[in-house]
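Report on the following structure.
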Amino acid sequence: MYTDLGAAEYEWAGRTAAAIGALADREGSIAIVPVASIEQHGDHLPVATDSILVDAVAHLGADRVSEDVPVLVTPVVWMGYSPHHMSFGGTITTEYRTLLTILEDTADAVLDNGFDALVLLNGHGGNASLIASATSTIGREHPDVEVLGLTYFQLAQQFEAEIRDSDIGGMAHGGEFETALMQYLRPELVGEGDAPYWDEPYALGGQDLLHGGPLSVYREFREYSDTGAIGDPSLATAEKGEQIHTLLGDAFEELLREVHSRNRD
């Protein structure tokens, strides 16, 4: 049984129902719902990579602001939309419409507690369009609440020059970026593995986690990689992961403070 004892102030799962309601009633309250996936990440990273990383960023941002901002982080919605990874095994996916319904139902239940704002924090590229759709449908159903959707690694675009050693294509699925974060946060789960650079033949297609192109293309991941990963994990270090983690915290903290300020009565 969960109690309030010993739980971080911002952890939904560690609060009592009464404590959740009391926090939601405070001015400018924010609920963060991390959304990710369970999917293969090559030979060197676990299938829970996206879920681990988005949960860490959500908790980092909440921890940074919790003394000043009423904020709670729900458990991760770990089942993502990942049909393009199924050929490698290890992946648990759902249908697009099913996940959209799950997010809508989750939002309805979360917002029933009285929060002023909802942030859907995404950690999987395959969910990005779905998060945008959910932001619109949830926002329409809850016109008195500010509903926002964000893919966390896109925050890194503003400090890319500080963290990148690879060429474009090296910070992709299981590449330099994700591997460095995992080396810092969960080094015991990181193994050895190789990956090719992301090579999308259309110039307008996505080239990197931080360089998503305007053209959407569906491809099985085996068309990009024999290992299931793409990018350059060889350039990742725990020190770089710590730097990325800190900078992501800075950027997400700034957003949460702005959301809080904009939603105060």
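The values are calculated or read from the model by the stated rules, or taken from the named source; none is laboratory data. A quick note: this is a predicted structure, and the numbers were derived from the prediction, not measured. FYI the Cβ positions are ideal-geometry reconstructions off the backbone, even for glycines, and counts take in every protein chain you see. For the accessible areas, the whole protein counts, side chains as well, though only heavy atoms, and no ligand, DNA or RNA atoms are used. Shrake-Rupley method; radii C 1.70, N 1.55, O 1.52, S 1.80 Å.
Quote the FRET efficiency, to the nearest 0.05, computed for residue 254 versus residue 192 with a Förster distance R0 of 35 Å and r equal to the Cβ-Cβ distance.
Numbers: r = 36 Å, r/R0 = 1.04.
Calculated transfer efficiency: 0.45.
Considering just Cα atoms, how many Å³ per residue does the convex hull of the stretch 1-153 enclose?
Values: hull volume 17.7 nm³, N = 153.
Output value, Cα hull per residue: 115 Å³.
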Per-pair calculated FRET efficiency, R0 = 30 Å: residue 263 and residue 104 via Cβ, rounded to 0.05: 0.90
Prolate/oblate/rounded label for the stretch 159-265 (Cα gyration tensor, a/c 1.5): oblate
Antiparallel content of DSSP bridges confined to the chain, in %, to 5: 15 percent
Accessible-area value, residue 79, 1.4 Å probe, nucleic acids and ligands omitted, Å²: 50 Å²
Dipole-positive endmost among 216, 172, 201 within the stretch 133-216 (Cβ charges, Cα centre): 216
FRET efficiency, 1/(1 + (r/R0)^6) with R0 35 Å, evaluated for residue 199 and residue 27 via beta carbons: 0.10
The chain: Cα Rg divided by the 2.2 N^0.38 Å rule of thumb: 0.99
Dipole magnitude of the chain, debye to nearest 20 (Cβ charges: Lys/Arg +1, Asp/Glu -1, about Cα centre): 420 debye
The chain, relative contact order in percent, only Cα pairs under 8 angstrom and at least six apart counted: 23 percent
Proximal charge balance of residue 201 [Cβ under 11 Å; K/R count +1, D/E count -1]: -2
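Cβ under 9 Å from residue 85's Cβ, residue 85 left aside: what net charge do those residues give with Lys, Arg +1 and Asp, Glu -1?
Once all neighbours under 9 Å are counted, the net charge is -2.
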Most positive-pole-ward Cα, 85, 22, 8, against dipole of the stretch 1-113 from beta carbon charges: 85
Gain in span if fully extended, residue 43 to residue 137, counting 0.36 nm per residue against the direct Cα distance: 30.1 nm
Value of [θ]222 nm, deg cm²/dmol, for the chain, DSSP H segments ≥ 4, -39500 (n - 2.57) each, nearest 500: -11500 deg cm²/dmol
Percent accessible area from carbon and sulfur atoms, the chain, protein chains only, probe 1.4 Å: 49 percent
